[in-house]
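Here's the structure we're looking at; comments come further down.
The values are calculated or read from the model by the stated rules, or taken from the named source; none is laboratory data. Predicted model only: the values in this text are computed from it and were never measured. Because the Cβ atoms are built from the backbone with ideal geometry, glycine has one as well, and the counts that use them run over all protein chains shown.
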Amino acid sequence: MSKYPEASFIKSANAREQFVADAGAEVAVAGRSNAGKSSAINVIVNRRQFARTSKTPGRTQLVNFFSLREGRRLVDLPGYGFARVSDRVREHWGELLSDYFQERRSLGGLLLVVDIRRRLQDYDRQMMAFAEEVDLPIHILLTKSDKLKRGQAATALLEVRREIGDRAGVQLFSAHSRQGEDEARAVLEKMLEASA
């Protein structure tokens, strides 16, 4: 059963004026296309198709607001990488995300979804920079950990931890095997409550 039985989609925004009211507490989820962001959200919320998964990576092109319960939200940010979009659209996303991180008082943290096989990419470092500018806690989900042997996954985890030091928490995560779901949910709750 879902830990968030009242969870529901609120709205999508393509401009800062369209963001939901800046009250309560929210946590942002970001990740490159194809990192498994929608699947990770679905597992954490424990609702199938809550955040729609797509065979075509890069479908999240808007800032999507979801209610988890009264006054608590999850915000799905645009992911790109494989997304075939123009430079102008990419520039718009950059401005939109910058506005989002700079202006949201209710924002309590960033869950960064990273494909364990790709390690940290430029997009991930950019998201971390956005969050660090406003002193937000960051937690990295190394997704698709089931695709690697246990030793390889442990090595990848160590490498990412070595690169980021104490700038963020890091964990192994698999939407397929549900590895790490409780830890990820606990981090989400901690971020929400700290921001409230």
Checklist (1) assigned to a loop (DSSP other than H, G, I, E, B); (2) free of Cβ contacts under 8 Å to residues at least 12 places away in the same chain applied to Arg125, failing item: (1)
Residue satisfying all of: in the range 145-170; within 20 Å of the chain's Cα centre (by Cα) and assigned to a loop (DSSP other than H, G, I, E, B); surrounded by the most Cβ atoms within 10 Å (Cβ to Cβ) among these: Ala168
The one condition in (1) surrounded by fewer than 18 Cβ atoms within 10 Å (Cβ to Cβ); (2) modelled with pLDDT of 95 or more; (3) closer than 17 Å to Lys37 by Cβ that Val114 fails to fulfil: (1)
Matching residues, the range 129-182, being within 30 Å of Ser98 (Cβ to Cβ) and either among the charged types (D, E, K, R) or touching an Asp or Glu at 6+ places or on another chain (Cβ under 7 Å) (or both): Glu132, Glu133, Asp135, Thr143, Lys144, Glu159, Arg161, Arg162, Glu163, Asp166, Arg167, Gln171
Any pair with Cβ under 8 angstrom, 6 or more apart, that starts in the range 18-43 at a residue that is assigned to a strand (DSSP E or B) and ends at one that is of a type in the set (S, T, N, Q) and surrounded by fewer than 24 Cβ atoms within 10 Å (Cβ to Cβ): Ala25/Ser106; Ala25/Ser195; Glu26/Ser106; Glu26/Ser195; Val27/Ser195
Answer residue from the range 133-144, given it is in contact with a strand residue (DSSP E or B) (Cβ under 8 Å, 6 or more places away or on another chain) and not in a strand (DSSP E or B) and is surrounded by the most Cβ atoms within 10 Å (Cβ to Cβ) among those: Lys144
Number of positions in the range 117-132 that are over 19 Å from Ser174 (Cβ atoms), among the acidic types (Asp, Glu) and surrounded by 14 or more Cβ atoms within 10 Å (Cβ to Cβ): 1
Candidates Asp135, Asp87, filtered to the one that is closer than 27 Å to Val45 by Cβ and of a type outside the set (Phe, Trp, Tyr): Asp135
Members of the range 174-196 found to be exposed (fewer than 13 other Cβ atoms within 10 Å of the Cβ), at pLDDT below 95 and under 14 Å from Leu110 (Cα atoms), listed by number: Glu193, Ala194
